[in-house]
């Protein structure tokens, strides 16, 4: 059995599960998801609606693109609930180093300077900063409330997941192994103050909730030859840190092994953001003017406007934001797509009656078929759709790759309407029969 890991934190937690540091970690552990340097406050805040085309421009590095995507969409909770990791490792590096930035409706980790070249940031009104230097008392109050909300979510939805606090701390001492000389890394950051607040957060989490804790033994030095080229960071250590941390993770895993035999899934989460279109077409990609919205009792349906049939545009398709796919055992990769559809005339295209599409990818930005790992066109005939009435369509499939997208999709235009689009993790995989035998990698 492999044990699944998720991480919310910095590279001091992530790099323990990197073969450059721990060569054979994959023999035991499977890293399911990693949320890089995100504040707990940001994770627990509302998603920030955005226009996908403004995010997908090539103005950000791959790392900054991924980070901004997570800061806006905030998919962490849904991903954790659907993947049910055995171990969830947290560190509070982002909270103490960056703090948070208030927006009109939410909070972001205050790394906005990293995202300034993205057009999507021009649509976000930034307000106040909160960190250990500015409004520190209010910041800690906001942080505590957010962590309480996070643990409430954990207790309801991750009942079999062990939360581990990584007690790593910032360090200024840097060891040159070739010379044996210890130098002081020159930084403008007040490391003593950072570590004081960091310890305060650790203490709050551990004492209030009785969480597992990996203590930082204060014997580690920064590595000037850190393999990713930024070796003078405050938490980029020599190999002994990673080996010690890994040994402690193994002990925690052994302590709870019996608990990991059965997974508990009590709540199904719709993994599609803005599935009800209350933010219009934000968080959806490749939208064109033939798609329109109609008010329903609980949100909006999306339909093709017949007045715009003659517009010479590509075939209409409306792709969801990328959904992170579980990287556990085979049954963890099974998902169910469901939606309601209404078609005015079922004879609109007897040769190709595709009404929906599923694709999986390795890259968050991809949505085109040429880069898909898995692609499936779903046809109205497959679901036995009734003419002129709402018909519920449901399709269970095995997904491969890192990211999943779904789309209302047509090869040719017709009067059609979609409603209540959902993607859920098929928790009890043995209870589901895959719809087709071609669901293979």
Query raised in the report: Hey, any hits in the stretch 129-138 for a residue that's touching a strand residue (DSSP E or B) at 6+ places or on another chain (Cβ under 9 Å), part of a helix (DSSP H, G or I) and farther than 24 Å from residue 7 by Cβ?
Result: yes
**Report entry** Those residues of the stretch 106-128 which are in a helix (DSSP H, G or I) and under 16 Å from residue 41 (Cβ atoms), in sequence order
**Finding:** 112
Query raised in the report: For the stretch 149-156, does any single residue satisfy the condition of being surrounded by 21 or more Cβ atoms within 10 Å (Cβ to Cβ) and either without any contact (Cβ under 8 Å) to a residue 60 or more places away in the chain or not assigned by TED's automatic domain parsing to the domain that holds residue 216 (or both)?
Result: no
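Residue-wise test of (1) buried (at least 18 other Cβ atoms within 10 Å of the Cβ); (2) more than 25 Å from the chain's Cα centre (by Cα); (3) within 18 Å of residue 174 (Cβ to Cβ).
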{"residue": "210", "(1), (2), (3)": "no, yes, no"}
{"residue": "217", "(1), (2), (3)": "no, yes, yes"}
{"residue": "220", "(1), (2), (3)": "yes, yes, yes"}
{"residue": "224", "(1), (2), (3)": "no, yes, yes"}
{"residue": "228", "(1), (2), (3)": "no, no, yes"}
{"residue": "241", "(1), (2), (3)": "yes, yes, yes"}
{"residue": "245", "(1), (2), (3)": "yes, no, no"}
Report summary line: Of (1) modelled with pLDDT of 90 or more; (2) farther than 30 Å from residue 20 by Cβ; (3) out of contact with any helix residue (DSSP H, G or I) (no Cβ under 6 Å at 6 or more places or on another chain), residue 244 satisfies every one except (2)
Query raised in the report: Given the conditions (1) part of a strand (DSSP E or B); (2) over 24 Å from residue 141 (Cβ atoms), which single one is not true for residue 72?
Result: (1)
Report task. Any chance you could count how many residues in the stretch 366-397 are under 26 Å from the mean Cα position of the chain (by Cα), surrounded by fewer than 18 Cβ atoms within 10 Å (Cβ to Cβ) and in contact (Cβ under 8 Å) with a residue 12 or more places away in the chain? Result -> 4
Requested in this report: Go through the stretch 365-415 and give me each residue that's farther than 15 Å from residue 341 by Cα and part of a loop (DSSP other than H, G, I, E, B).
Outcome: 365, 366, 367, 368, 372, 373, 399, 400, 401, 402, 411, 412
Query raised in the report: Which of the residues belonging to the stretch 99-143 are surrounded by fewer than 17 Cβ atoms within 10 Å (Cβ to Cβ) and within 26 Å of residue 88 (Cα to Cα)?
Result: 141
Report task. Take residue 271 and decide whether it is within 28 Å of the chain's Cα centre (by Cα), surrounded by 12 or more Cβ atoms within 10 Å (Cβ to Cβ) and part of a loop (DSSP other than H, G, I, E, B). Result -> yes
Requested in this report: Taking the options 43, 89, 8, name whichever one is at negative phi, surrounded by 23 or more Cβ atoms within 10 Å (Cβ to Cβ), at pLDDT 95 or above and over 14 Å from the mean Cα position of the chain (by Cα).
Outcome: 89
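One line per residue, one yes/no per condition, for (1) surrounded by fewer than 18 Cβ atoms within 10 Å (Cβ to Cβ); (2) at pLDDT 95 or above:
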site: 163; (1), (2): no, yes
site: 171; (1), (2): no, no
site: 180; (1), (2): yes, no
site: 183; (1), (2): yes, no
site: 192; (1), (2): yes, no
site: 207; (1), (2): yes, yes
Query raised in the report: Residue check: is residue 197 in the same structural domain as residue 40 (by TED's automatic domain parsing), modelled with pLDDT of 95 or more, surrounded by 12 or more Cβ atoms within 10 Å (Cβ to Cβ) and farther than 30 Å from residue 24 by Cα?
Result: yes
Requested in this report: Tell me which of these residue 38 doesn't satisfy, since it passes every other one: (1) part of a loop (DSSP other than H, G, I, E, B); (2) farther than 26 Å from residue 279 by Cβ; (3) in contact (Cβ under 8 Å) with a residue 40 or more places away in the chain.
Outcome: (2)
**Report entry** Qualifying residue in the stretch 8-27 (condition: in the same structural domain as residue 234 (by TED's automatic domain parsing), in a loop (DSSP other than H, G, I, E, B), touching a strand residue (DSSP E or B) at 6+ places or on another chain (Cβ under 6 Å) and farther than 25 Å from residue 285 by Cβ)
**Finding:** no
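The values are calculated or read from the model by the stated rules, or taken from the named source; none is laboratory data. No experiment lies behind these values; they were computed from the predicted model shown. For neighbour counting, all protein chains shown are included, and Cβ atoms are generated from backbone atoms with ideal geometry for every residue, glycine included.
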